[in-house]
Amino acid sequence: MEILNYINGEWVKPNVTEYVDVINPATGAVIAKTPLSTKADVEAAAKAASEAFVTWRRVPANDRVQYLFKLRNIMREHMEDIAKLITDECGKTFEESRAEMVRAVENVETACGIPHLSKGEFAEDIASGIDELMIRQPVGVCATIAPFNFPGMIPFWYLPYAVATGNTYVMKPSEKVPMTMQYIFKLIEQVGFPKGVINMVNGAKEAVDGILEHPAIRAITFVGSTNVARYIYSTAALHGKRVQAQGGAKNPVIVMPDADMETATKIIADSAFGCAGQRCLAVSLAITVAESRNEFTELICDAASSRTVGYGLESGIQMGPLINKASQQRVEQLIGLGANEGANVCVDGRGVKVKGYENGSFIRPTIISDVQPGSEIWKTEIFGPVLSLMHVNNIDDAIKLANSGVYGNQASLFTTSGNAARRFRYEVDAGNIGINIGVAAPMAFFPFSGWKDSFFGDMHGQGMDAVEFFTQKKVVVERWPKEWSRKF
Ligand code: NAD
C-alpha cells in the first residue's frame, strides 16, 4: 500500500526523501513505507483546513452530522477489512482489532448527537428585560497526533467530535501504523465531506513540530508516551493552543482475599496480556492482599504459561507480537533488569520463536514476583505482556502502594465486598477505575480519563468532554426592555 497524505480532498505524495518502514510485526516483512512529511506538508494541510473552516462552520450541525451517519455505515461495512489491516501492521489479534473498530464506530455514533450535545444555554430575565445565553462555536483548525497501539480507534476519540462541532481537522497517524488510517481515509473520501474539512499528514517529529508551531492550528489532541505528551502539552501551550495530551501508564490491580479468584485471574490475564500488553489500560502491577497471594500467584502463572502466541490472523491465537524488534528487545531487557534487581521471574516469556514466524517480534506472557517499590521494574512503563506481582497485608497498604506511582491512568480492584469497592473508588488516584473489571475502557459517551503523569490538560477525549474541547463558549447578555416594543 502506498502511503500518501490527504489534503484538500486530494491524495498527495509528499515531496520527501526520508521514509520509515512499516513492518508486519508477526512476519517481520516490510509492508509499506511511511513518508516523513515536512513542515511544508503541514502548511498545505493547515491552509486547506483554514479555507474550509470559513464555510464548514456555517453548515448547520444537523447537516454536518449527516456525513457522520454515512461514515458510521461505511465503517461498519468495512470493519472486517480494517481489522485485518490493524492486525497486519500492529500485531494484535483479529478479535482485538475488531473490538477496537467497534469502539471507533461508537464514537462516530455518539458524535451524531452533536446537534443536541453542543446546543447552548439560555437564562431569561436575569434582570428585568435582560436575557443571557451561552453559545458554543468551533475553535478552528484542530489536529490529532496518534500513537501506534490503537491505529483505528484513538483517532476517533476526536475526529468525529471535531468536525461535527464545525471545526476542520488534520490527522497525523503514528508512522509505525499508517495503513489503517490510509484505508479509513478512503472511506472518508467516499462519504464526500467538503474539500479540506478532514486532512491527513503522515510523518513523525518534523510533522508534529509543524503542527505544534502552525498559527492556524488552534487545538491539538495527543495520545502517546508521557515524555512526548509533556513536550506536546508545553510546546502547544507556548504557541497559545488549546491542548490535551494523554500519556503512558503503569496500572495497578488489587486482588482482595474475598475475590472470586478464578474469574479475577481470567480477567486480569486478559487485561495484562491482551494486545500483548500494549494497551494503556493494561494492568501491569498486581497487588495481592493477605491470603489471596498463593492462590492468585499459582493461577496467574498457569494463565500466563498457557496462552497461545502467534500471528493474530490465525485462529486460536490469543496474543500477537510486540510492535517491532526494538520493542521486543526493550521489554526483554526490562525483564532482565527486574531479575538483576532481585525480583523473581516466575514465568519467563523471553526468547520465544513462533513456528513459521521466526522473524516476528514475539515475547510470551511473563510474570515477575517479589517486585520492590522504588525499583526500576516497578517504576517503568514496560508496555509488553509482563505482569509484576507485589504483596501487602491489608487494603490500606494496597491503596497506598497503588497510589505511589507517578501514573494515574487506571486502577482496578477485585473483591466481593461493597465496602472495599467503595473505599477503593473513593481513595484511589486514577482516572479510570475498574471494580472486578480488568480494562476499564469508557464507552464513547464518557470521557477517556487519566490523572497524574498519564494526562496533561483538563478536558479529555470522547463524549461531552470532546464537545467542550472542540468548542469555545461565547456568552451573550441582551437587553430588550418592554418599553421599546411599544414604539412599533
Ligand atoms: P509515542 O509517544 O512514541 O508516539 C506517539 C506520537 O507522537 C506518534 O504520532 C509519534 O510520531 C509522535 N512522536 C514520537 N516522538 C516524538 C517526538 N520526540 N516529538 C514529537 N512527536 C513525537 O507513543 P507510541 O509508542 O506510539 O504509543 C505508546 C504509548 O502511548 C504508551 O506510552 C502508551 O501508554 C501510550 N498510550 C496512552 C493512552 C492513553 O489514553 N493514556 C492510549 C494509548 C497509548
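Per-structure values
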item: Fraction of antiparallel bridges per DSSP, region 251-435 only, in percent to nearest 5; result: 15
item: DSSP-defined antiparallel bridges as percent of all bridges, region 21-173, nearest 5; result: 60
item: Apportionment of accessible area to carbon and sulfur, the chain, percent (1.4 Å); result: 52
item: Convex hull volume of region 298-376 per residue (C-alpha atoms, cubic angstrom); result: 95
item: Diffusion coefficient, µm² s⁻¹, Stokes-Einstein with Kirkwood Rh over alpha-carbon pairs of region 251-435 at 25 °C and 0.890 mPa s; result: 149
item: Taking region 251-435 and dividing mean pair separation by its residue count, relative contact order in percent (alpha carbons under 8 Å, at least six apart); result: 29
item: For region 429-488: relative contact order, % (alpha-carbon pairs under 8 angstrom, 6 or more apart); result: 23
item: Amide H within-cut-off set for SER174, under 5 Å, with H built and near neighbours excluded; result: ALA146
item: Cα shape, region 350-421, gyration tensor, a/c 1.5 rule; result: prolate
item: Spin-label proximity, VAL54 to region 143-168 - amide N less than 19 Å from point 7 Å beyond Cα toward beta carbon; result: 166-168
item: 14 Å beta-carbon shell around ASP63, net charge (K/R +1, D/E -1); result: +4
item: Euclidean distance between Cα centres, region 267-312 to region 86-113, Å; result: 23
item: Average accessible surface area per residue within region 42-166, 1.4 Å rolling probe, Å²; result: 38
item: Karplus 3J(HN,Hα) series, Hz, for region 465-472 with 6.51 cos²θ - 1.76 cosθ + 1.60 (x for Gly, Pro); result: 4, 5, 4, 4, 5, 8, 10, 10
item: Normalised alpha carbon radius of gyration of region 1-135 [divisor 2.2 N^0.38 Å]; result: 1.49
item: Cα-based convex hull, the chain, per residue volume (Å³, whole number); result: 157
item: Kirkwood Rh (inverse of mean 1/r, distinct Cα pairs), region 112-255, angstrom; result: 16.9
item: The chain, relative contact order in percent, only Cα pairs under 8 angstrom and at least six apart counted; result: 19
item: Rounded accessible area per residue of region 345-431, 1.4 Å, Å²; result: 43
item: The chain - mean residue ellipticity at 222 nm from DSSP helices (-39,500 (n - 2.57) per run, n ≥ 4, rounded to 500); result: -11500 deg cm²/dmol
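The values are calculated or read from the model by the stated rules, or taken from the named source; none is laboratory data. Predicted, not measured: the structure shown is a model, and the values here were computed from it. For neighbour counting, all protein chains shown are included, and Cβ atoms are generated from backbone atoms with ideal geometry for every residue, glycine included. Side chains are part of the model used for accessible areas, which takes the heavy atoms of the whole protein and leaves out ligands, DNA and RNA. Shrake-Rupley method; radii C 1.70, N 1.55, O 1.52, S 1.80 Å.
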